[in-house]
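> Quick one: this structure, given as C-alpha cells, is what I'll be asking you about.
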Amino acid sequence: MKLEDAMSPLDYARLTAHKREFQAAVSYALGIDSQRFIGNSVSTFSALMIMERRMLDKWAAYYNGGNIPLTGFLQGMVKLPWVFTHNNQSWEYDYMVKAAVLSANKIGTLQPHCIFKGSNESDIAVWLVNNGVGLIDHTPYWTSKFQEKYRLSHAQKNLDASHLFADVSSMLGTFARLDIPVIKELYQYTYILYTDTDVFFQLPFTLDTFGLPLPPSLAMAYERPEAFPYNAGVLLMNLPVMRKDHQDIIDTMLFSSQNNGFHYGRFGPGDQGVLNMFYEEDLKQHVLPEAFNAKIYKPLVKHVYIVHFQGPKPDDILDYLENGHCRFKDMCAEAVGYNACDYVLSWARLGVAASDDDVGHQVSDRVRIACAVWTRATEQCTKQ
C-alpha cells in the first residue's frame, strides 16, 4: 500500500508540504530510540545525536575518527571518557582514588570508568558507583599465560624498577590497561583518557584541549628526563586503532625477545615498556604536553590539567617533611625543592576536602601544617 492511500487527502497534503521536516522527525525518533547509534561526527545532525544520547547514557559512536568538531562551540556537551583501574585489595590507595574521582567530578568534563577487580559490594566499589563511576568487570584472556610467565621469568628480580613487580596481582592490575581497546563497554568511544590512580585533576579540559592533530594511536608525556621512553601514567588512546593492534601488543608483551621478567630493556619496565616498544614511532611524533602529566619532582607548571604523583604520594611528602624519611630515596627532596607543597595543597583542596576518607583527611590536615612550617623555614633561610 502506498503512503498516500493510507492517509486522508488533507493529511497527505500536509505531509508533502513539510516532507523535509517529516523526514527529519523520523530520523530523530529512530536515532534517539535505537539500541545503538553510529554516525559521522562532522555531520551536525549526527554530532547532536551523539551528544544527546551520551547525556542519556545511551550507546553512541562515530565511524570517521578524530573528534566531534561541534563540541568546540558547545563546550561541555560531550565528556571525555576517563578510564582507570582499581581493586578492593589495594585499600592503601583508596584515599588517592577517591581524591582523583572527586577532583574529576569537580572539573565536570570527564566521564569516569573503572576496570575493577573484586566484589561490587565492597566499600570502595559502592563508593565509586555512588560518585558516578561506571564499574567494568574484565578478566584478560591472557591471564594464565601472564601468571606462568611471571613465575618462570622470576619477574620479582625487577623490583628496583617498580614496586608493582612484588606480586603477580599488582602486575596484572597495571597490565590490564593493555586490554582497554577491546573492552566492550568502551567500544563506542574513539579517544579515551587513561590515568593511574595517583593523579588529580586541576583544570577542566576536553578532547579539543589536546589540540590537533590528535595522536594516530597513542600519546604519553615525558618521564624524569625529557627523552624517550615516556611515562604511561597518563595516556590519550585512539581505541579503534589500538583495537586493530591488540593481538600484536599482547604477543609483544608475552613473547618479545626484549622481555626479561616483564622488563623490556631500553623501553622500560611493565606495560609501559610494552607500549613504548610497540608505538615508539608514533609516540615520538606526538608527546603530551607536561600540563597533562605534571610531576611533583619537576619545576612547577602553570595551567596544569593533571597532576601525577608518580613516585612520592602525598603521604610520602608528609613523611619526608615530618621525619625526613622517603621510600623513594631522593625524589621527595627533589619534589619539595620544586614546590611539591603547591601541588599537594591543591590536591587536598580539590579532592580530599570533599572525601569521606579518614586516611585522606589525616594526610591532608597534617600536610597543610607541615607545608606551612616548611614554607616559613624556607623563607627565613632566604632572608638570611
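> Could you list, in sequence order, all residues of the stretch 266-293 that are in a helix (DSSP H, G or I) and among the small types (Gly, Ala, Ser)?
Going residue by residue through the stretch 266-293, those that are in a helix (DSSP H, G or I) are 266-267, 270-278, 280-285, 290-292.
Once the filter is applied, which keeps residues that are in a helix (DSSP H, G or I) and among the small types (Gly, Ala, Ser), the stretch 266-293 yields GLY270, GLY273, ALA291.
> Here's a follow-up. Kindly provide the set of residues from the stretch 226-239 that are touching a residue at least 12 places away in the same chain (Cβ under 8 Å) and surrounded by fewer than 17 Cβ atoms within 10 Å (Cβ to Cβ), ordered by number. Full working, then the answer.
If we filter the stretch 226-239 for residues that are touching a residue at least 12 places away in the same chain (Cβ under 8 Å), which is where we start, we get 228-239.
Within the stretch 226-239, just PHE228 meets the criteria.
> Write out, first by first residue and then by second, each pair whose Cβ atoms fall under 7 Å of each other, whose residues are 6+ apart or on separate chains, and whose first residue, in the stretch 196-214, is farther than 19 Å from HIS113 by Cβ while the second is of a type in the set (A, V, I, L, M, F, W, C) and in a loop (DSSP other than H, G, I, E, B).
Close Cβ pairs (under 7 Å, with a partner that is of a type in the set (A, V, I, L, M, F, W, C) and in a loop (DSSP other than H, G, I, E, B)) amount to GLN202/VAL304; LEU203/VAL304.
> Of everything in the stretch 165-190, what is in contact (Cβ under 8 Å) with a residue 40 or more places away in the chain and open to solvent by 50 Å² or more (accessible area, probe 1.4 Å)? Give them in sequence order.
SER169, GLU185, TYR187
> Right, here's the next one. Out of all the residues in the stretch 68-92, which are of a type outside the set (Gly, Ala, Ser), open to solvent by 30 Å² or more (accessible area, probe 1.4 Å), part of a loop (DSSP other than H, G, I, E, B) and over 22 Å from SER122 (Cα atoms)? Before you say what the answer is, go through the steps one by one.
Quick first cut of the stretch 68-92, residues of a type outside the set (Gly, Ala, Ser) only: 68-71, 73-75, 77-89, 91-92.
Those left that are additionally open to solvent by 30 Å² or more (accessible area, probe 1.4 Å): 69-70, 73-75, 77, 79, 87-89, 91-92.
Right, trim to part of a loop (DSSP other than H, G, I, E, B) and you get 73-75, 77, 79, 88-89.
Result: PHE73, LEU74, GLN75, MET77, LYS79.
> In the stretch 266-286, which residue that is open to solvent by less than 40 Å² (accessible area, probe 1.4 Å) and aromatic (Phe, Trp, Tyr) is farthest from the chain's Cα centre (by Cα)?
PHE267
> Which one is most open to solvent (accessible area, probe 1.4 Å), of the residues in the stretch 251-265 that are more than 18 Å from ARG151 (Cβ to Cβ) and in a helix (DSSP H, G or I)?
So the residue we want is ASP251.
The rows are residues; the columns are (1) open to solvent by less than 40 Å² (accessible area, probe 1.4 Å); (2) outside the structural domain of ASP160 (by the TED database); (3) modelled with pLDDT of 90 or more.
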| position | (1), (2), (3) |
| --- | --- |
| HIS325 | no, yes, yes |
| PHE328 | no, yes, no |
| GLU334 | no, yes, yes |
| ALA340 | yes, yes, no |
| SER355 | yes, yes, no |
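> Being outside any helix (DSSP H, G or I) and within 17 Å of ASN87 (Cβ to Cβ) is the filter here, so list the residues in the stretch 166-206 that pass it.
Those that are outside any helix (DSSP H, G or I) and within 17 Å of ASN87 (Cβ to Cβ): ASP167, ILE183, TYR194, THR195, ASP196, THR197, ASP198.
The values are calculated or read from the model by the stated rules, or taken from the named source; none is laboratory data. Note that the structure is a prediction, hence the values are computed from the model and not measured. Cβ: placed from backbone, ideal geometry, glycine included. Neighbour counts: every protein chain shown. Just so you know, the surface numbers come from the protein's heavy atoms only, side chains and all, with ligands and any DNA or RNA stripped out. Shrake-Rupley method; radii C 1.70, N 1.55, O 1.52, S 1.80 Å.
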